């Protein structure tokens, strides 16, 4: 009997839940239908496409870089026995930085040089004998081979001996060193970082519409963010032929100001491309663009309906875009409410 009562109660509960869900669904459908009936259109605002003056001058930020920068590695093994240059020192190409213990290699080199000199004497003697047919051709060839082997061994040891003298491959300042007297080094171990900031470079990125205005050799005003009260200049040295992933092109300036010694690699700079060019162009607000800058479009209103219109644009620095194709002066585009607008949507201008 108890079981029947429990089953009956469960059935009643399930029925009540089902009835409540059905009523909720019915109410939601009725609300949605009512909303659709009451929202026959979407309220929007419009913006008129107008001709406005645009200044073609532009700026681009970048970081100052040295003309050369390298990490000098050891090419041999041994303990450092002499230090000639330290962090902060200026070195010319070929200057000795550190001396690595070369006693063992120098001994091997001396032996190899004696063997090579003896092989050279033997070869000359055998060449004289060969001229009188006193020896066979094979004997001469064996002595030529012995001399070549001895000469190659001497050359290899000469290279190893030279590697014990770590010299600067470029001129510049030692920005960091990684050794002390007695440090045991091995091939591939970093010894110093050398930077050459003469000349100093500033690399910036510009858009495809800007790159066409820049030419090699142009003198460009440069502002150093850390030295706002000083004026600098740089000359365009390099312009990349291919855009990067952000569709921008690299422009490299070589700094040529007398007071540029104060500028340090790693500082931020701004290249000011001043061309004094003013043009009349069609402009609209960036917010009126639907889609991405790569595939842009706008919505016009025709007979109360939103109509999608693809356009070609050029982004400007003031939050607007230049319309290159797809619109004409006087056209009105939807400026707000775009989140709910699609092709054929009924709209009403507020």
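Where a number appears in this text, it was derived from the coordinates with a stated rule and is not lab data. Treat the numbers as computed from the prediction; the structure is a model and nothing was measured. Ideal geometry is used to build each Cβ from the backbone, glycine not excepted, and the neighbour counts take in all protein chains shown.
The figures follow:
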{"read-out": "Exposure proxy ranking, count of Cβ atoms within 10 Å, fewest first, for 334, 42", "value": "42, 334"}
{"read-out": "Spin-label model distance (nm) - residue 61 vs residue 141, 7 Å beyond Cα toward Cβ", "value": "7.3 nm"}
{"read-out": "Cβ-Cβ FRET estimate between residue 156 and residue 229, R0 fixed at 51 Å, reported to 0.05", "value": "0.30"}
{"read-out": "Mean ellipticity per residue at 222 nm, deg cm²/dmol - from DSSP H runs of n ≥ 4 across the chain, formula -39500 (n - 2.57)", "value": "-10000 deg cm²/dmol"}
{"read-out": "If the convex hull is drawn through the Cα atoms of the range 70-190, its volume per residue in Å³", "value": "115 Å³"}
{"read-out": "Separation between Cα centres of the range 278-350 and the range 115-179, rounded to whole Å", "value": "77 Å"}
{"read-out": "Cβ-based exposure ranking for 189, 274, in which fewest neighbours within 10 Å come first", "value": "274, 189"}
{"read-out": "Cα long-axis angle, helix 103-131 against the chain (0 to 90 degrees, to the nearest 10)", "value": "60 degrees"}
{"read-out": "In nm, spacing of pseudo-spin labels at residue 186 and residue 257 (7 Å Cα→C-beta vector)", "value": "4.8 nm"}
{"read-out": "Where labels lie 7 Å past Cα in the beta-carbon direction, separation of residue 89 and residue 340 in nm", "value": "7.5 nm"}
{"read-out": "Cα-based helix-to-principal-axis angle, 137-163 vs the chain, degrees rounded to 10", "value": "60 degrees"}
{"read-out": "Exposure proxy order (Cβ contacts within 10 Å, fewest to most) of 186, 77, 246", "value": "246, 186, 77"}
{"read-out": "Degrees, to the nearest 10: 2-38 long Cα axis against longest axis of the chain", "value": "90 degrees"}
{"read-out": "Average projection area in nm² (convex hull over Cα atoms of the chain, one quarter of hull surface)", "value": "44.9 nm²"}
{"read-out": "Mean Cβ neighbour count within 10 Å, used as a protection proxy, ranking 214-224, 59-69 highest first", "value": "59-69, 214-224"}
{"read-out": "Contour minus Cα-Cα distance for residue 245 and residue 121 (0.36 nm per residue)", "value": "38.1 nm"}
{"read-out": "Packing rank of 49-57, 250-258, where each peptide gets the mean count of other beta carbons within 10 Å, highest leading", "value": "250-258, 49-57"}
